[in-house]
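Chemist: Have a look at this one.
The values are calculated or read from the model by the stated rules, or taken from the named source; none is laboratory data. Computed from a prediction, not measured in an experiment: that's the story for all the values here. Glycine also receives a Cβ, built like all others from the backbone with ideal geometry; neighbour counts cover every protein chain displayed.
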Ligand code: YK8
């Protein structure tokens, strides 16, 4: 896998979790700029295991010329029971892109860790991995992996930049920046 984001933000852990994992203004705006449309989400539901789950469905706009312009996607998020409100959150998100070539071979797993640093600060780490449901031919596999990494890198770089902007707005004039 790869570590795409690893940074301390002047945003509380709780606020970061709400921004990224609820129907927040931040996420709505971010999806708008990424041209992610038609998003719908279930609410967080507790599982027998003690973890919480929710499912998102949306349509992504793709800039990769090898692929059609749009794909529907399903994202299954798990908030692990080891998470502690305001302190530590670990979320796994499995993303299935249904309308890209070889979509039945792979999915992407993104792991988000939000760790309280102090009252108003947290560290955000995002790891991602391309997972295979069945083994494709070697050349196809490297093709999928390469194209996935470049799309993921673009997405998470943009997410980090938007989070930094939000942080700047939030800390402006608060006096404890
Ligand atoms: C989520 C991983 C792969 C996919 C894409 C597929 C190329 C197909 C390869 C062929 C377009 C928001 C990505 C990047 C689309 C976007 C997905 C996002 C960023 C040529 C063999 C969508 C996080 C996420 C996970 C997986 C990403 C796809 O929150 O390259």
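Chemist: So which residues in segment 102-158 are farther than 13 Å from residue 3 by Cα, within 11 Å of the ligand (Cβ to nearest atom) and not in a helix (DSSP H, G or I), if there are any at all?
Modeler: 102, 103, 105, 106, 107, 108, 131, 136 - these are the residues of segment 102-158 that are farther than 13 Å from residue 3 by Cα, within 11 Å of the ligand (Cβ to nearest atom) and not in a helix (DSSP H, G or I).
Chemist: Can you run down the residue pairs with Cβ atoms below 6 Å, 6 or more apart or on separate chains, where the first is in segment 14-33 and modelled with pLDDT under 95 and the partner is assigned to a helix (DSSP H, G or I)?
Modeler: none
Chemist: Six or more apart or on different chains, Cβ atoms under 6 Å: show the pairs whose first residue is in segment 70-99 and over 15 Å from residue 47 (Cα atoms) and whose second is assigned to a loop (DSSP other than H, G, I, E, B).
Modeler: 71/99; 71/100; 72/98; 72/99; 89/83; 90/80; 90/83; 97/103
Chemist: Taking residue 6, is it touching a strand residue (DSSP E or B) at 6+ places or on another chain (Cβ under 9 Å), free of Cβ contacts under 8 Å to residues at least 24 places away in the same chain, part of a strand (DSSP E or B) and surrounded by fewer than 17 Cβ atoms within 10 Å (Cβ to Cβ)? Even if it seems obvious, please write down each step before you answer.
Modeler: Numbers: touching a strand residue (DSSP E or B) at 6+ places or on another chain (Cβ under 9 Å): yes; free of Cβ contacts under 8 Å to residues at least 24 places away in the same chain: no; part of a strand (DSSP E or B): yes; surrounded by fewer than 17 Cβ atoms within 10 Å (Cβ to Cβ): yes.
In short, no.
Chemist: Return the residue satisfying two criteria in turn: it lies in segment 54-90 and is within 10 Å of the ligand (Cβ to nearest atom) and in a loop (DSSP other than H, G, I, E, B), and of such residues it is nearest to the chain's Cα centre (by Cα).
Modeler: Selected residue: 62.
Chemist: Looking at 49, 150 in this structure, which one is over 25 Å from residue 11 (Cβ atoms), under 16 Å from the mean Cα position of the chain (by Cα), exposed (fewer than 14 other Cβ atoms within 10 Å of the Cβ) and in contact (Cβ under 8 Å) with a residue 24 or more places away in the chain?
Modeler: 150
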